[in-house]
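J.: Just dropping this structure here.
The values are calculated or read from the model by the stated rules, or taken from the named source; none is laboratory data. Not measured: the values here are computed from a predicted model. All Cβ positions, glycine included, derive from the backbone under ideal geometry; neighbour counts span all protein chains shown. Surface areas here come from the heavy atoms of the whole protein model, side chains and all, with no ligands, DNA or RNA. Shrake-Rupley method; radii C 1.70, N 1.55, O 1.52, S 1.80 Å.
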Amino acid sequence: MSDKINLYDLSFAELTAFVTDLGQPKFRAQQVWDWIYKRYALDFADMGNIPKAFRAQLAEQATLQIGTIVDELRSSDNQTKKVLFQLPDGQYVETVLMKYEKRRTLCISTQAGCAMGCVFCATGQMGFFRHLSVGEIVGQVLYFAHELAQTDEHVTNIVMMGMGEPLHNYERTLTAVDRLTDPDAFNLGARKITISTVGLVPAMRRYADEERQTPLAVSLHAATDEERDKLIPVNRRWPIAEVLDACRYVVEKTGRRITFEWALINGENDTIEQAQALGKLVQGMLCHVNLIPLNPTAGYGGAPSSHERVDKFQEVLASYGVSSTVRVRRGIDIQAGCGQLRDRAVKNAGSAKL
Ligand code: SAH
Ligand code: SF4
(Lines give C-alpha, C1' and ligand atoms only; values in the text may rest on other atoms or scores of the structure.)
(Ligands and ions follow the chains in the order given, each with its own letter.)
Protein backbone atom coordinates (compact mmCIF):
# COMPACT_ATOMS: atom_id res chain seq x y z
CA MET A 1 0.00 0.00 0.00
CA SER A 2 1.22 3.45 -0.87
CA ASP A 3 1.38 5.88 2.03
CA LYS A 4 1.79 8.82 -0.31
CA ILE A 5 -0.92 11.42 -0.21
CA ASN A 6 -3.11 11.55 -3.31
CA LEU A 7 -3.33 15.25 -4.20
CA TYR A 8 -6.64 14.58 -5.97
CA ASP A 9 -8.12 13.97 -2.54
CA LEU A 10 -7.37 17.50 -1.35
CA SER A 11 -9.50 20.62 -1.55
CA PHE A 12 -7.73 23.85 -2.42
CA ALA A 13 -7.51 24.79 1.27
CA GLU A 14 -6.05 21.37 2.11
CA LEU A 15 -3.54 21.59 -0.74
CA THR A 16 -2.50 25.02 0.50
CA ALA A 17 -1.91 23.62 3.99
CA PHE A 18 0.05 20.70 2.52
CA VAL A 19 2.25 22.98 0.43
CA THR A 20 2.93 25.49 3.23
CA ASP A 21 3.70 22.63 5.65
CA LEU A 22 6.45 21.67 3.22
CA GLY A 23 7.88 25.16 3.74
CA GLN A 24 6.70 26.58 0.43
CA PRO A 25 4.98 29.92 -0.15
CA LYS A 26 1.20 29.87 -0.61
CA PHE A 27 1.25 30.77 -4.30
CA ARG A 28 2.87 27.42 -5.06
CA ALA A 29 -0.41 25.77 -4.05
CA GLN A 30 -2.23 27.73 -6.76
CA GLN A 31 0.42 26.68 -9.28
CA VAL A 32 0.13 23.01 -8.38
CA TRP A 33 -3.69 23.25 -8.37
CA ASP A 34 -3.68 24.74 -11.88
CA TRP A 35 -1.33 22.04 -13.12
CA ILE A 36 -3.75 19.45 -11.82
CA TYR A 37 -7.13 20.93 -12.80
CA LYS A 38 -6.35 23.20 -15.74
CA ARG A 39 -3.49 21.37 -17.44
CA TYR A 40 -4.16 17.82 -16.27
CA ALA A 41 -0.54 17.05 -15.35
CA LEU A 42 -0.12 13.43 -14.27
CA ASP A 43 3.52 13.82 -13.36
CA PHE A 44 5.20 16.36 -11.09
CA ALA A 45 8.12 16.44 -13.55
CA ASP A 46 5.86 18.24 -16.05
CA MET A 47 5.15 21.15 -13.73
CA GLY A 48 7.52 23.54 -15.49
CA ASN A 49 7.15 26.61 -13.27
CA ILE A 50 7.70 24.69 -10.02
CA PRO A 51 11.31 24.56 -8.76
CA LYS A 52 12.95 21.19 -9.32
CA ALA A 53 13.70 20.61 -5.64
CA PHE A 54 10.04 21.13 -4.72
CA ARG A 55 8.92 18.86 -7.55
CA ALA A 56 11.20 16.16 -6.17
CA GLN A 57 9.78 16.72 -2.70
CA LEU A 58 6.25 16.43 -4.06
CA ALA A 59 7.08 13.22 -5.91
CA GLU A 60 8.44 11.78 -2.69
CA GLN A 61 5.42 12.56 -0.57
CA ALA A 62 2.50 12.73 -2.94
CA THR A 63 0.98 11.15 -6.00
CA LEU A 64 -1.30 12.14 -8.87
CA GLN A 65 -2.02 8.63 -10.04
CA ILE A 66 -5.25 6.94 -9.05
CA GLY A 67 -3.64 3.55 -9.57
CA THR A 68 -1.92 1.35 -12.10
CA ILE A 69 -3.54 0.54 -15.41
CA VAL A 70 -3.91 -3.21 -15.53
CA ASP A 71 -6.11 -3.60 -18.59
CA GLU A 72 -7.17 -1.46 -21.50
CA LEU A 73 -9.63 -2.29 -24.23
CA ARG A 74 -10.73 -0.47 -27.36
CA SER A 75 -13.87 -1.22 -29.34
CA SER A 76 -13.43 -2.35 -32.92
CA ASP A 77 -14.59 1.07 -34.20
CA ASN A 78 -12.09 2.74 -31.85
CA GLN A 79 -14.79 5.01 -30.45
CA THR A 80 -14.93 3.42 -27.03
CA LYS A 81 -12.05 2.80 -24.70
CA LYS A 82 -12.18 1.16 -21.34
CA VAL A 83 -9.48 1.28 -18.70
CA LEU A 84 -9.18 -0.87 -15.59
CA PHE A 85 -7.19 0.77 -12.80
CA GLN A 86 -5.85 -1.15 -9.86
CA LEU A 87 -5.81 0.99 -6.72
CA PRO A 88 -2.96 0.91 -4.19
CA ASP A 89 -4.91 -1.50 -1.94
CA GLY A 90 -5.55 -3.93 -4.80
CA GLN A 91 -9.12 -2.89 -5.59
CA TYR A 92 -10.22 -2.35 -9.18
CA VAL A 93 -11.96 0.60 -10.81
CA GLU A 94 -13.29 0.84 -14.35
CA THR A 95 -13.64 3.93 -16.48
CA VAL A 96 -14.96 4.13 -20.04
CA LEU A 97 -14.46 6.86 -22.63
CA MET A 98 -17.10 7.02 -25.36
CA LYS A 99 -16.59 9.20 -28.41
CA TYR A 100 -19.68 10.15 -30.31
CA GLU A 101 -19.58 12.98 -32.82
CA LYS A 102 -18.26 15.94 -30.82
CA ARG A 103 -19.04 14.39 -27.46
CA ARG A 104 -16.39 12.86 -25.27
CA THR A 105 -18.36 11.14 -22.54
CA LEU A 106 -16.77 9.44 -19.56
CA CYS A 107 -18.52 6.71 -17.64
CA ILE A 108 -16.94 6.71 -14.19
CA SER A 109 -17.11 4.55 -11.08
CA THR A 110 -17.91 5.65 -7.54
CA GLN A 111 -17.31 2.43 -5.61
CA ALA A 112 -15.24 -0.75 -5.91
CA GLY A 113 -18.08 -3.24 -6.34
CA CYS A 114 -21.62 -2.44 -5.24
CA ALA A 115 -23.77 -3.41 -2.28
CA MET A 116 -27.11 -3.24 -4.09
CA GLY A 117 -27.00 -6.67 -5.71
CA CYS A 118 -29.11 -6.02 -8.82
CA VAL A 119 -29.27 -9.47 -10.37
CA PHE A 120 -28.48 -8.50 -13.98
CA CYS A 121 -25.49 -6.30 -13.14
CA ALA A 122 -21.88 -7.56 -13.23
CA THR A 123 -20.92 -5.15 -10.43
CA GLY A 124 -23.87 -6.21 -8.30
CA GLN A 125 -22.88 -9.84 -8.78
CA MET A 126 -19.39 -9.25 -7.33
CA GLY A 127 -20.60 -7.55 -4.14
CA PHE A 128 -19.28 -4.51 -2.31
CA PHE A 129 -15.61 -3.89 -1.55
CA ARG A 130 -15.36 -0.23 -0.58
CA HIS A 131 -16.27 3.36 -1.39
CA LEU A 132 -13.94 5.28 -3.68
CA SER A 133 -12.34 8.41 -2.27
CA VAL A 134 -12.94 11.84 -3.80
CA GLY A 135 -9.50 11.60 -5.39
CA GLU A 136 -10.23 8.21 -6.89
CA ILE A 137 -13.41 9.57 -8.49
CA VAL A 138 -11.85 12.81 -9.71
CA GLY A 139 -8.68 10.98 -10.81
CA GLN A 140 -10.57 8.91 -13.37
CA VAL A 141 -11.66 12.13 -15.07
CA LEU A 142 -8.24 13.77 -14.91
CA TYR A 143 -6.60 10.70 -16.41
CA PHE A 144 -8.79 10.90 -19.49
CA ALA A 145 -8.66 14.71 -19.59
CA HIS A 146 -4.88 14.35 -19.88
CA GLU A 147 -5.19 11.78 -22.63
CA LEU A 148 -7.73 13.81 -24.63
CA ALA A 149 -5.65 16.96 -24.27
CA GLN A 150 -2.91 15.28 -26.31
CA THR A 151 -5.20 15.62 -29.35
CA ASP A 152 -6.69 18.96 -28.28
CA GLU A 153 -9.91 17.34 -27.13
CA HIS A 154 -11.61 17.49 -23.78
CA VAL A 155 -14.15 15.72 -21.62
CA THR A 156 -17.59 17.10 -22.55
CA ASN A 157 -19.87 14.87 -20.45
CA ILE A 158 -19.65 12.57 -17.46
CA VAL A 159 -22.07 9.84 -16.47
CA MET A 160 -21.79 8.16 -13.09
CA MET A 161 -22.78 4.81 -14.48
CA GLY A 162 -19.66 2.78 -13.91
CA MET A 163 -19.17 0.54 -10.91
CA GLY A 164 -21.05 1.36 -7.75
CA GLU A 165 -24.05 3.26 -6.45
CA PRO A 166 -23.13 6.98 -6.38
CA LEU A 167 -25.69 7.93 -3.73
CA HIS A 168 -24.49 5.16 -1.39
CA ASN A 169 -21.18 7.08 -1.40
CA TYR A 170 -22.98 10.42 -1.19
CA GLU A 171 -20.42 12.73 0.46
CA ARG A 172 -17.45 11.73 -1.64
CA THR A 173 -19.36 11.53 -4.90
CA LEU A 174 -20.92 14.96 -4.50
CA THR A 175 -17.63 16.47 -3.31
CA ALA A 176 -16.09 15.09 -6.51
CA VAL A 177 -18.97 16.60 -8.52
CA ASP A 178 -18.39 19.95 -6.82
CA ARG A 179 -14.68 19.79 -7.70
CA LEU A 180 -15.41 18.83 -11.29
CA THR A 181 -17.89 21.69 -11.74
CA ASP A 182 -15.94 24.33 -9.76
CA PRO A 183 -14.87 27.11 -12.19
CA ASP A 184 -11.58 27.34 -10.27
CA ALA A 185 -11.01 23.59 -10.66
CA PHE A 186 -12.12 21.33 -13.54
CA ASN A 187 -14.93 23.70 -14.61
CA LEU A 188 -17.34 21.34 -16.34
CA GLY A 189 -20.96 22.54 -16.51
CA ALA A 190 -23.14 20.96 -13.81
CA ARG A 191 -25.64 19.91 -16.47
CA LYS A 192 -22.95 17.83 -18.15
CA ILE A 193 -22.71 15.38 -15.27
CA THR A 194 -25.41 12.76 -14.87
CA ILE A 195 -25.72 10.83 -11.64
CA SER A 196 -27.41 7.47 -11.93
CA THR A 197 -29.03 5.92 -8.87
CA VAL A 198 -30.80 2.68 -8.17
CA GLY A 199 -33.32 4.71 -6.15
CA LEU A 200 -31.99 5.37 -2.64
CA VAL A 201 -34.91 7.47 -1.45
CA PRO A 202 -33.43 9.39 1.52
CA ALA A 203 -30.32 10.28 -0.51
CA MET A 204 -32.49 11.41 -3.44
CA ARG A 205 -34.43 13.69 -1.11
CA ARG A 206 -31.22 15.12 0.26
CA TYR A 207 -30.05 15.69 -3.32
CA ALA A 208 -33.29 17.57 -4.04
CA ASP A 209 -32.97 19.66 -0.87
CA GLU A 210 -29.49 20.69 -1.98
CA GLU A 211 -31.11 21.83 -5.26
CA ARG A 212 -28.37 20.26 -7.25
CA GLN A 213 -28.19 21.02 -10.95
CA THR A 214 -26.56 17.78 -12.06
CA PRO A 215 -29.21 15.69 -13.84
CA LEU A 216 -30.40 12.55 -12.09
CA ALA A 217 -31.08 9.20 -13.78
CA VAL A 218 -33.06 6.62 -11.83
CA SER A 219 -32.73 2.92 -12.59
CA LEU A 220 -36.33 1.77 -12.56
CA HIS A 221 -36.26 -1.36 -14.75
CA ALA A 222 -39.73 -2.46 -13.67
CA ALA A 223 -43.07 -0.77 -13.03
CA THR A 224 -44.56 -3.19 -10.50
CA ASP A 225 -43.04 -4.07 -7.15
CA GLU A 226 -43.48 -7.74 -7.90
CA GLU A 227 -41.25 -7.45 -10.96
CA ARG A 228 -38.80 -4.93 -9.49
CA ASP A 229 -38.29 -7.02 -6.35
CA LYS A 230 -36.95 -9.80 -8.57
CA LEU A 231 -34.38 -7.58 -10.28
CA ILE A 232 -33.41 -5.00 -7.66
CA PRO A 233 -33.27 -6.24 -4.05
CA VAL A 234 -33.24 -2.69 -2.65
CA ASN A 235 -36.79 -2.29 -3.98
CA ARG A 236 -37.99 -4.12 -0.88
CA ARG A 237 -36.62 -1.29 1.21
CA TRP A 238 -37.78 1.56 -1.02
CA PRO A 239 -40.56 0.36 -3.30
CA ILE A 240 -41.60 2.01 -6.55
CA ALA A 241 -44.18 4.39 -5.07
CA GLU A 242 -41.57 5.86 -2.70
CA VAL A 243 -38.96 6.11 -5.46
CA LEU A 244 -41.43 7.97 -7.67
CA ASP A 245 -42.43 10.31 -4.87
CA ALA A 246 -38.76 11.12 -4.39
CA CYS A 247 -38.42 11.66 -8.16
CA ARG A 248 -41.32 14.13 -8.14
CA TYR A 249 -39.67 15.90 -5.24
CA VAL A 250 -36.40 16.14 -7.17
CA VAL A 251 -38.21 17.59 -10.20
CA GLU A 252 -40.06 20.05 -8.00
CA LYS A 253 -36.95 21.22 -6.17
CA THR A 254 -34.50 21.30 -9.06
CA GLY A 255 -36.78 21.99 -12.02
CA ARG A 256 -34.79 19.36 -13.88
CA ARG A 257 -36.13 16.47 -15.91
CA ILE A 258 -35.55 12.99 -14.51
CA THR A 259 -34.35 10.15 -16.70
CA PHE A 260 -35.55 6.63 -16.01
CA GLU A 261 -33.22 3.82 -16.98
CA TRP A 262 -34.71 0.55 -18.12
CA ALA A 263 -32.61 -2.46 -19.18
CA LEU A 264 -34.89 -4.44 -21.46
CA ILE A 265 -34.76 -8.14 -20.62
CA ASN A 266 -36.41 -10.47 -23.06
CA GLY A 267 -39.72 -11.83 -21.80
CA GLU A 268 -39.08 -10.38 -18.32
CA ASN A 269 -39.65 -6.62 -18.05
CA ASP A 270 -40.27 -5.88 -21.74
CA THR A 271 -43.93 -6.94 -21.80
CA ILE A 272 -46.83 -4.79 -22.90
CA GLU A 273 -48.18 -4.96 -19.33
CA GLN A 274 -44.93 -3.51 -17.94
CA ALA A 275 -44.91 -0.78 -20.60
CA GLN A 276 -48.52 0.11 -19.76
CA ALA A 277 -47.78 0.12 -16.03
CA LEU A 278 -44.78 2.39 -16.62
CA GLY A 279 -46.84 4.68 -18.85
CA LYS A 280 -49.44 5.05 -16.08
CA LEU A 281 -46.82 5.64 -13.39
CA VAL A 282 -44.88 8.44 -15.07
CA GLN A 283 -47.51 9.99 -17.35
CA GLY A 284 -47.44 13.77 -17.04
CA MET A 285 -44.15 13.85 -15.17
CA LEU A 286 -41.13 15.87 -16.39
CA CYS A 287 -39.20 12.77 -17.44
CA HIS A 288 -37.67 10.69 -20.17
CA VAL A 289 -37.16 6.94 -20.43
CA ASN A 290 -33.85 5.46 -21.56
CA LEU A 291 -34.29 1.94 -22.85
CA ILE A 292 -31.14 -0.20 -22.91
CA PRO A 293 -31.28 -3.74 -24.27
CA LEU A 294 -29.74 -5.91 -21.54
CA ASN A 295 -26.00 -6.43 -21.71
CA PRO A 296 -25.65 -10.15 -20.89
CA THR A 297 -23.49 -10.96 -17.85
CA ALA A 298 -21.99 -14.21 -16.56
CA GLY A 299 -24.12 -14.39 -13.43
CA TYR A 300 -27.54 -13.81 -14.98
CA GLY A 301 -29.42 -15.89 -17.52
CA GLY A 302 -31.53 -13.10 -19.09
CA ALA A 303 -31.16 -12.02 -22.71
CA PRO A 304 -31.63 -8.64 -24.43
CA SER A 305 -35.03 -7.92 -25.96
CA SER A 306 -35.52 -8.28 -29.70
CA HIS A 307 -35.92 -5.19 -31.89
CA GLU A 308 -39.62 -5.95 -32.29
CA ARG A 309 -40.20 -6.04 -28.55
CA VAL A 310 -38.21 -2.85 -28.02
CA ASP A 311 -40.28 -1.09 -30.73
CA LYS A 312 -43.53 -2.30 -29.20
CA PHE A 313 -42.44 -1.16 -25.73
CA GLN A 314 -41.67 2.30 -27.06
CA GLU A 315 -44.97 2.47 -28.90
CA VAL A 316 -46.91 1.74 -25.74
CA LEU A 317 -44.97 4.42 -23.82
CA ALA A 318 -45.64 6.92 -26.60
CA SER A 319 -49.37 6.20 -26.31
CA TYR A 320 -49.12 7.55 -22.75
CA GLY A 321 -47.24 10.61 -23.96
CA VAL A 322 -44.01 9.34 -22.38
CA SER A 323 -40.87 10.07 -24.40
CA SER A 324 -38.18 7.41 -24.70
CA THR A 325 -35.01 6.62 -26.57
CA VAL A 326 -33.23 3.35 -27.12
CA ARG A 327 -29.63 3.59 -26.09
CA VAL A 328 -27.33 1.49 -28.12
CA ARG A 329 -24.86 -0.16 -25.82
CA ARG A 330 -21.68 1.34 -27.11
CA GLY A 331 -18.55 -0.70 -26.79
CA ILE A 332 -20.41 -3.92 -26.14
CA ASP A 333 -17.58 -5.77 -27.89
CA ILE A 334 -15.14 -4.58 -25.23
CA GLN A 335 -17.30 -5.56 -22.28
CA ALA A 336 -18.05 -1.94 -21.49
CA GLY A 337 -20.96 -2.91 -19.28
CA CYS A 338 -20.03 -1.96 -15.73
CA GLY A 339 -18.08 -4.50 -13.76
CA GLN A 340 -17.23 -6.74 -16.67
CA LEU A 341 -13.60 -5.80 -17.11
CA ARG A 342 -12.79 -6.39 -13.47
CA ASP A 343 -14.40 -9.79 -13.70
CA ARG A 344 -12.03 -10.64 -16.49
CA ALA A 345 -8.94 -9.40 -14.61
CA VAL A 346 -9.83 -11.37 -11.51
CA LYS A 347 -10.40 -14.52 -13.55
CA ASN A 348 -7.13 -14.04 -15.40
CA ALA A 349 -5.33 -13.53 -12.11
CA GLY A 350 -6.86 -16.79 -10.93
CA SER A 351 -7.97 -15.23 -7.67
CA ALA A 352 -11.45 -14.66 -6.40
CA LYS A 353 -10.71 -12.97 -3.12
CA LEU A 354 -9.76 -9.47 -4.13
N1 SAH B 1 -25.65 2.16 -9.42
C2 SAH B 1 -26.17 3.10 -10.32
C3 SAH B 1 -25.21 3.49 -11.41
C4 SAH B 1 -24.34 2.44 -12.02
S5 SAH B 1 -25.15 1.29 -13.05
C6 SAH B 1 -27.48 2.61 -10.90
O7 SAH B 1 -27.81 1.43 -10.73
O8 SAH B 1 -28.18 3.41 -11.49
C9 SAH B 1 -25.57 2.23 -14.48
C10 SAH B 1 -26.76 1.72 -15.26
O11 SAH B 1 -26.44 0.48 -15.93
C12 SAH B 1 -27.97 1.43 -14.40
O13 SAH B 1 -29.14 1.92 -15.00
C14 SAH B 1 -27.96 -0.07 -14.34
O15 SAH B 1 -29.22 -0.58 -14.02
C16 SAH B 1 -27.50 -0.41 -15.73
N17 SAH B 1 -27.02 -1.78 -15.90
C18 SAH B 1 -26.30 -2.51 -15.04
N19 SAH B 1 -26.04 -3.74 -15.56
C20 SAH B 1 -26.62 -3.76 -16.78
C21 SAH B 1 -26.70 -4.74 -17.79
N22 SAH B 1 -26.15 -5.94 -17.65
N23 SAH B 1 -27.38 -4.43 -18.92
C24 SAH B 1 -27.96 -3.22 -19.06
N25 SAH B 1 -27.90 -2.24 -18.14
C26 SAH B 1 -27.25 -2.51 -17.00
FE1 SF4 C 1 -25.13 -1.41 -8.09
FE2 SF4 C 1 -26.20 -0.01 -10.10
FE3 SF4 C 1 -25.23 -2.48 -10.50
FE4 SF4 C 1 -27.48 -2.16 -9.10
S5 SF4 C 1 -27.17 -1.67 -11.28
S6 SF4 C 1 -25.77 -3.51 -8.55
S7 SF4 C 1 -27.04 -0.28 -8.03
S8 SF4 C 1 -24.08 -0.72 -9.93
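J.: Quick one: in the stretch 162-189, of everything that is more than 21 Å from P233 (Cβ to Cβ) and in a loop (DSSP other than H, G, I, E, B), which residue is least open to solvent (accessible area, probe 1.4 Å)?
T.: Restricting to residues being more than 21 Å from P233 (Cβ to Cβ) and in a loop (DSSP other than H, G, I, E, B), the top hit is A185.
J.: Can you tell me which residue within the stretch 268-318, out of those that are open to solvent by 30 Å² or more (accessible area, probe 1.4 Å) and within 16 Å of ligand 2 (Cβ to nearest atom), is nearest to A223 (Cα to Cα)?
T.: Ranking the qualifying residues of the stretch 268-318, first place goes to E268.
J.: Just to be sure, is L174 within 16 Å of ligand 1 (Cβ to nearest atom), within 30 Å of G279 (Cβ to Cβ) and touching a residue at least 24 places away in the same chain (Cβ under 8 Å)?
T.: Against the criterion (within 16 Å of ligand 1 (Cβ to nearest atom), within 30 Å of G279 (Cβ to Cβ) and touching a residue at least 24 places away in the same chain (Cβ under 8 Å)), L174 does not qualify.
J.: Give me the pairs: first residue in the stretch 121-133 and in contact (Cβ under 8 Å) with a residue 24 or more places away in the chain and part of a strand (DSSP E or B), second residue among the polar types (S, T, N, Q) and buried (at least 18 other Cβ atoms within 10 Å of the Cβ), beta-carbon distance under 8 Å, and six or more apart or on different chains, which are they?
T.: The qualifying pairs are F129/Q91; F129/Q111; R130/Q91; R130/Q111; H131/T110; H131/Q111; H131/N169.
J.: Between I137, I108, which is buried (at least 23 other Cβ atoms within 10 Å of the Cβ), touching a strand residue (DSSP E or B) at 6+ places or on another chain (Cβ under 7 Å) and among the hydrophobic types (A, V, I, L, M, F, W, C)?
T.: I108
J.: Within the stretch 68-86, can you find the residues that are within 13 Å of Y143 (Cβ to Cβ) and in contact with an Asp or Glu (Cβ under 8 Å, 6 or more places away or on another chain)?
T.: Within the stretch 68-86, K81, K82, V83, L84, F85 meet the criteria.
J.: Any idea which of (1) among the hydrophobic types (A, V, I, L, M, F, W, C); (2) modelled with pLDDT under 95; (3) open to solvent by 30 Å² or more (accessible area, probe 1.4 Å) is the one A122 doesn't satisfy?
T.: Among (1) among the hydrophobic types (A, V, I, L, M, F, W, C); (2) modelled with pLDDT under 95; (3) open to solvent by 30 Å² or more (accessible area, probe 1.4 Å), the lone unmet condition for A122 is (3).
J.: Could you list all residues from the stretch 31-86 that are under 21 Å from M98 (Cβ atoms), assigned to a loop (DSSP other than H, G, I, E, B) and of a type in the set (S, T, N, Q)?
T.: S75, S76, N78, Q79 - these are the residues of the stretch 31-86 that are under 21 Å from M98 (Cβ atoms), assigned to a loop (DSSP other than H, G, I, E, B) and of a type in the set (S, T, N, Q).
J.: Among the residues of the stretch 153-161, are any within 14 Å of ligand 2 (Cβ to nearest atom), without any contact (Cβ under 8 Å) to a residue 60 or more places away in the chain and among the acidic types (D, E)?
T.: Looking through the stretch 153-161, none of the residues is within 14 Å of ligand 2 (Cβ to nearest atom), without any contact (Cβ under 8 Å) to a residue 60 or more places away in the chain and among the acidic types (D, E).
J.: A follow-up question, please. So which of H154, H146 ends up being surrounded by fewer than 23 Cβ atoms within 10 Å (Cβ to Cβ) and not in a loop (DSSP other than H, G, I, E, B)?
T.: Exactly one residue qualifies, and that residue is H146.
J.: So which of A115, A145, A122 is within 15 Å of H168 (Cβ to Cβ) and among the hydrophobic types (A, V, I, L, M, F, W, C)?
T.: A115
J.: Tally time: how many residues in the stretch 87-105 are closer than 16 Å to V138 by Cβ and either touching a Cys at 6+ places or on another chain (Cβ under 9 Å) or buried (at least 24 other Cβ atoms within 10 Å of the Cβ) (or both)?
T.: Summing the residues that are closer than 16 Å to V138 by Cβ and either touching a Cys at 6+ places or on another chain (Cβ under 9 Å) or buried (at least 24 other Cβ atoms within 10 Å of the Cβ) (or both) in the stretch 87-105 gives 4.
Residue-by-condition table, conditions (1) free of Cβ contacts under 8 Å to residues at least 60 places away in the same chain; (2) within 29 Å of S306 (Cα to Cα); (3) within 16 Å of ligand 2 (Cβ to nearest atom):
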position	(1), (2), (3)
T214	yes, no, no
A222	yes, yes, yes
D225	yes, yes, no
I232	no, yes, yes
K253	yes, no, no
I258	yes, yes, no
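J.: So which residues in the stretch 1-22 are part of a loop (DSSP other than H, G, I, E, B) and of a type in the set (G, A, S)?
T.: If the condition is that a residue be part of a loop (DSSP other than H, G, I, E, B) and of a type in the set (G, A, S), then S2, S11 are the ones that fit.
J.: If the requirement is being touching a helix residue (DSSP H, G or I) at 6+ places or on another chain (Cβ under 6 Å), over 30 Å from A303 (Cα atoms) and open to solvent by less than 20 Å² (accessible area, probe 1.4 Å), which of these qualifies: T214, T197?
T.: Only one candidate passes the filter, namely T214.
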